[in-house]
Structure formats: structure tokens, C-alpha cells
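These notes concern the structure reproduced below.
Taken together, the values in this text are just the output of simple stated rules run on the coordinates, not laboratory data. Quick caveat, the model's predicted, so the values are computed rather than measured. Positions of Cβ are generated from backbone atoms using ideal geometry, with glycine treated the same way; all protein chains shown enter the neighbour counts.
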Amino acid sequence: MRLRGWWICCVPMLAWGAPVDPVPSVMWAYYHQLFLANAPFVFDERVKLLAPPFAEDARQVPLEIDARAFKGDVVKILAWAELNPLPQIVDFQPMERVLPWLSIRVRIEQATPLRATVLTRDGLWHVGSALIDAAGGGCTAPSVVRTQPGWEDHLGEVLGGRYPRATFSRVKLHVAHPMDNGMVSGIPEFFINHAELRSDDNRLLARMELFPAVSENPNLAFDIEGPGPTRLTLRDTSGSQFEAAIP
Amino acid sequence: MSPRWIMLWLILFSLPVLAELDYGLKPRLIADDTWLLEGSTANFTKDNGGNIVNVGFIVTEAGVVVIDTGPSRRYGEALRQAIARVTEKPVIQVLLTHHHPDHALGNQAFKDVPIGALAGTAELLHAQGDSLAENLYRLVGDWMRGTEVVLPGEVLQAGVKTFGSHDLQLLHLRGHTGADLAILDRKTGVLFAGDLVFYQRALTTPHTPGLAQWQADIATLQGLPWTLVVPGHGPIATDAKPFEQMRDYLTWLDHLLRDGAAQGRDMSELIRSPIPERFATINLARYELTRSVTHLYPQYERTQMQPINTQQ
Ligand SMILES: [Zn+2]
């Protein structure tokens with residue numbers, strides 16, 4: 001009897017289009033306010049946030065954010081891991097020639113809902129979601145980079161590759177950096193917090209803010225339309241700047 | 001309720017729980033003097049207590065030689081009892097094939113016996129044993145109660161070690177963990193391959209030095225005068241099918257990773273790769289592919305990238 005009564009209460013709510021969160025989350029309302037300032041949003045399957053079902057290595061979890069369904073319409077993409085002590089992952093603004101697609105590896109502290117939210121030009125946030133299982137500890141695990149003697153000499157070294165596709169090319173980057181998140185004993189925050197892609201004639205193609213949930217030795221990939229060399233600029237929280245040229 | 005009733009209830013409800021935590025080990029004679037305790041090809045669960053592993057023992061004239069000790073103290077103790085049910089001979093030697101927790105965490109039950117392993121195995125168990133045990137606690141729960149890492153006290157080298165009439169040829173290989181012992185009983189032709197051979201169960205790669213090394217080890221093992229192969233996981237075989245499956249799967253995995261890196265494919269894309277129909281009989285292939293791509297792909301990716309800094 002009581003159950004039936006409960007359903008009657010809910011049916012009108014669903015009929016009004018009350019948003020149904022595709023993942024079990026107790027934090028959505030909190031982050032909606034914190035990161036999206038309570039702006040209008042929809043849970044939207046067209047934003048694909050692809051993560052493995054479980055984190056085999058909680059320090060290096062591969063995420064793929066695919067908002068190509070909104071190509072030409074994207075202002076920015078924000079991503080976070082809800083149950084991370086430091087939830088924010090990235091603020092990605094693809095501009096000219098760069099597709100609204102991004103791959104990035106992150107740290108996960110425990111099993112958590114993940115979100116990639118896409119702001120379109122009409123002011124609406126489209127929310128993609130995923131769940132990942134994890135044994136945990138990715139955020140508080142000691143640095144691997146810092147155990148390697150002479151790591152400072154390689155700081156900011158960038159490995160890159162460009163791989164042609166039918167209508168664009170994929171650019172993959174690997175950056176040597178400990179990405180200290182301030183959570184491992186005695187080591188203060190020290191991470192790459194800003195990246196830019198520019199064309200040969202210095203036009204801004206994409207801008208990206210990175211947060212300490214990004215894995216050490218960051219791995220990033222973008223899809224770029226059109227030919228021509230691309231320049232990458234990275235900046236870390238100590239003010240160091242690293243430059244690279246993608247052929 | 002009176003205390004007596006409470007006691008009765010406690011007994012009634014706790015008995016089935018205790019009974020469930022019984023590995024039910026039943027040794028099976030697979031060759032002269034040679035017994036096998038075959039685990040399931042599943043993953044670690046709270047139902048199987050980590051009994052996913054093949055453990056063997058050889059009853060020689062001089063005493064019993066045990067090959068791997070299982071995933072927990074409880075398993076190790078049950079193993080000893082199982083051995084005592086088939087022979088009165090004492091256990092005189094433990095040989096560990098490698099340091100993985102499902103093979104070496106039963107050591108506590110054999111503290112009175114020389115436990116032999118390759119030097120690399122002892123080092124790896126020393127370095128990783130506690131965290132591997134902790135992870136197994138998380139996966140299988142109460143079965144692990146009281147389990148602690150016991151390091152091997154005897155360093156084994158490649159060569160022949162004789163127990164009674166059984167000449168055991170010890171091989172020092174590397175493909176699965178960097179220190180992998182395979183054991184060929186020259187008297188019976190039984191080859192204990194350890195985790196260098198998985199059969200009908202997807203292989204695991206967290207500590208492999210590389211798939212090429214593993215392929216070379218498979219060739220070495222297949223070339224031995226064996227008559228029966230005991231894989232680390234999965235059913236035994238009297239034909240070469242376990243080697244063929246290993247070679248096929250390793251080749252497929254290597255090509256998947258190499259081609260993926262050359263094409264700039266994303267790690268999460270590779271994790272979602274289709275698994276060929278011919279591997280449909282291999283348990284946990286999807287699960288282990290997720291793990292293997294995570295372990296191995298970064299090295300493959302880096303070979304397909306160049307330094308591109310313009311200034312430092
Ligand atoms: Zn193993």
C-alpha cells in the first residue's frame with residue numbers, strides 16, 4: 001500500500017521532466033551549485049564519458065570525453081570525479097579546428113561517479129556521466145616520478161605524436177611532470193595547471209585548465225582538423241613554462 | 001530469551017558460516033605419485049576464497065614435495081590436511097613458482113619445511129607481499145583471516161633437484177613476473193608451468209617484463225620432454241593446446257597494442273576492443289584485457305611518440 005502511494009507521488013514529477021540522474025549520486029546538487037552555479041542543465045547521453053568499468057591502476061585511469069555531437073556549439077567542457085578529495089579534472093575550451101573530444105588520465109581515490117559537463121552556446125549544460133569502481137588510493141599514493149633519480153632534469157619534457165584520421169588528426173601528448181596534488185605527505189602542490197594549443201600563425205585553437213586529479217606524467221589527446229603544425233604551451237603552478245611543437 | 005537459547009541460536013546461525021569457509025580440497029591423482037588440487041578459472045571472490053589456482057604435490061620416496069601453497073593461511077592448512085589424507089610421508093620441500101598471492105600466501109602452513117623460490121621471487125614477495133595480501137583481503141574477505149607473508153628461506157637455481165626417484169628439472173624463466181619457476185618431473189613427464197601457462201583462463205600481466213619474453217618462455221616450455229602440462233590456472237592437458245592458446249593470445253594482445261599505438265588510438269578505446277571469437281572459451285578475457293591494456297599500453301604508446309620540446 002505504501003509503495004503504491006509513493007509511486008503515485010512520483011509519476012507527475014517524472015512527467016514534468018524532472019531530471020533522472022543516470023548514476024547513483026548523492027553529490028550532484030552540491031557540484032551543480034559549486035561548478036555550474038546552479039545553471040540550467042540536462043543529463044544528456046550525447047555527452048559520452050567513457051571510462052573502464054574499474055580502475056586497474058587508480059593513479060592512471062583513462063577517460064575519454066566525447067562531445068562531438070555538439071560540434072561547433074561547445075563553449076567549454078568541465079569534468080570531475082565526485083568522490084575524489086580533489087574532484088576537479090579539467091576545464092577544456094576547444095576553439096578553432098579542435099573537436100570537442102578529449103582523452104586524459106586521472107587519479108581516483110575510490111569508486112565514484114564521474115561527470116563531463118558541456119556548456120553549449122545557448123547557455124545549457126549537457127551532463128555526461130559514468131561510474132567507475134576502484135580499490136582506491138589513487139590520490140594519496142606516493143609519486144612514482146619522484147622515486148626516479150634525476151626526474152627534475154626531465155621536468156616538462158613532452159613526447160608527442162600526430163596520427164591522421166579521415167577528417168582530422170589525433171594529437172597525443174605525454175608530459176614529464178610529478179603533478180603533486182598536495183595530498184602526499186610533505187610535498188606541496190606542484191602541477192601543470194594550464195595548457196594552450198596554437199596554430200602556426202598564433203591563433204588560439206584550444207585552452208585547458210588542469211587540476212590535481214590529473215595523473216602524474218599527464219597523458220592528453222586532442223583531435224584537430226586541418227593540416228599545419230601546432231604549438232603547445234604548458235605552465236605549472238611554479239610559473240615554469242614548457243613549449244613544444246607538434247609536427 | 002535465556003542465555004542458553006541465545007547460545008543455541010548463535011551456534012545454529014554460525015555453523016553454516018563456518019562450514020562455508022571450507023575450501024573442500026580434494027587431491028586428484030594425475031600421474032604416478034603426482035596429485036593436483038585444481039582451482040576454478042574464476043576471479044577472486046568471497047565465494048571461492050581465492051581458490052582459483054592449481055596447486056600440486058609429488059609423493060616421493062623421500063617425502064612430499066609441494067608446488068605452491070595457495071592463497072591463504074586457511075588454504076595452506078587445508079592443503080596440509082589434504083596431503084595427510086593421501087600419504088603418511090612427511091612434507092619435505094615447498095617449491096614456489098612465483099610471488100603472486102594466490103600461489104604463495106599459504107606458506108604459513110609450511111613454516112617447518114624448507115620453502116624454495118628463485119631469488120627474484122623472494123625479492124618480489126618481500127617488496128610487494130604485504131600490499132598483495134591486503135588486496136586479497138579486500139577481494140575474498142574472511143577466508144584470509146590470520147594470513148601473513150612468509151618469505152621463502154631457500155634460494156633455488158636452475159638445474160636438477162632430486163627427491164627420492166624423482167629428478168625435478170627447475171627452469172628459471174621470466175615472462176609472467178620476471179622470476180618464474182617451471183618444474184619438469186623427469187620421471188613422470190609432468191610439467192608444472194606455473195603462471196607462465198594459463199589455459200581457458202585469461203593470462204594476467206601486472207608484473208610481466210614484456211610479452212616477447214613471455215613468448216620465448218612458452219617456446220622453451222613447449223620444447224621440453226613433457227607428457228602432461230599443469231597450468232597455473234585452468235585444466236591440465238596432455239596435448240600442446242595450452243601452449244598454442246598462450247601463443248595465439250599473446251600474439252593477438254601484442255599486435256592489438258602495437259597497432260593501436262601506431263594508429264594513436266586511445267587507451268580507453270583499446271580497452272573496449274572486440275575480443276576474437278576464438279577466445280570465447282577463455283574465462284575473464286574482457287576483464288583481463290582491461291587490466292593488460294592498463295599495464296602495458298603506456299610503453300607501447302611511448303615507442304610511437306617523439307620528443308617535441310622547442311625550448312626548456
Ligand atoms: Zn601469477
Subject >> Inter-part distance where region B:220-261 and region B:76-139 are each reduced to a Cα centre, Å >> reply: 25
**OP:** As a check on your grasp of the helix formula, calculate [θ] at 222 nm for chain B: sum -39500 (n - 2.57) over DSSP H runs of n ≥ 4, divide by the residue count, round to the nearest 500.
**Re:** -12000 deg cm²/dmol
Original post:
Expressed in nm², what is the orientationally averaged projection area of the convex hull enclosing the Cα positions of the protein assembly as shown?
Top reply: 33.2
**OP:** Using a/c under 1.5 as the rounded threshold, could you call region B:18-239 rounded, prolate or oblate? The axes a ≥ b ≥ c are square roots of the C-alpha gyration tensor eigenvalues, and prolate needs a/b larger than b/c, oblate otherwise.
**Re:** rounded
**OP:** Report, to the nearest 10°, how far helix B:241-262 tilts away from the longest principal axis of the Cα atoms in chain B, using its own Cα long axis and a range of 0 to 90°.
**Re:** 40
**OP:** Would you work out if region A:113-193 is rounded, prolate or oblate? Take a ≥ b ≥ c from the square roots of the eigenvalues of the alpha-carbon gyration tensor; rounded if a/c is under 1.5, else prolate when a/b is larger than b/c, oblate otherwise.
**Re:** oblate
Subject >> Estimated 222 nm signal from helices in chain A, with DSSP H stretches of n ≥ 4 weighted -39500 (n - 2.57), rounded to 500 >> reply: -3000 deg cm²/dmol
Subject >> lysines whose Cα lies under 16 Å from that of B:Lys187, excluding same-chain neighbours fewer than 8 positions away >> reply: B:Lys161
Subject >> Beta bridges by DSSP in chain B, antiparallel share as percent, to the nearest 5 >> reply: 60
**OP:** Could you tell me how many degrees, from 0 to 90 and to the nearest 10, lie between the Cα long axis of helix B:73-86 and the main elongation axis, the longest principal axis, of the Cα atoms of chain B?
**Re:** 60
Original post:
Taking the alpha-carbon centroid of each part, what is the distance from region B:40-56 to region A:201-235 in angstrom?
Top reply: 45
Original post:
If you place +1 on the Cβ of every Lys and Arg, -1 on the Cβ of every Asp and Glu, and leave all else neutral, what size is the dipole of region A:43-246 about its Cα centre, to the nearest 20 Debye?
Top reply: 500
Original post:
Is the shape of region A:43-246 rounded, prolate or oblate, going by the alpha carbon gyration tensor and its root eigenvalues a ≥ b ≥ c, with a/c under 1.5 for rounded and a/b larger than b/c for prolate?
Top reply: oblate
**OP:** Kindly provide the GluC sites (Glu not before Pro) of region B:86-168 that DSSP labels as loop, not H, G, I, E or B, and whose Cβ sees at most 15 other Cβ atoms within 10 Å.
**Re:** B:Glu88, B:Glu148
**OP:** List the relative contact order of region B:18-239 as a percent without decimals, with contacts defined as Cα pairs under 8 Å and 6+ residues apart.
**Re:** 18
Subject >> Ranking of A:Phe92, B:Phe243 by count of other Cβ atoms within 10 Å, fewest first >> reply: B:Phe243, A:Phe92
Original post:
B:Thr34: net charge of surrounding residues, Cβ under 12 Å, Lys/Arg +1, Asp/Glu -1, itself excluded?
Top reply: -1
Original post:
What's the angle, to the nearest 10 degrees (0 to 90), between helix B:3-20's Cα axis and the longest principal axis of chain B?
Top reply: 50
Original post:
Anyone know which of A:Ile132, A:Ile108, A:Ile192 comes out most mobile in the 10 Å Cα GNM of chain A?
Top reply: A:Ile132
Subject >> Sparsely packed trypsin sites (Lys or Arg not before Pro) within region A:116-177, loop by DSSP, other Cβ within 10 Å at most 16 >> reply: A:Arg121, A:Arg165
**OP:** Pull up the cross-link candidates among the lysines for A:Lys48, meaning alpha carbon to alpha carbon under 24 Å and not fewer than 8 places away within one chain.
**Re:** A:Lys71, A:Lys76, A:Lys172
Original post:
Got the relative contact order for region A:43-246 handy, in percent, Cα pairs under 8 Å and 6 or more residues apart?
Top reply: 23
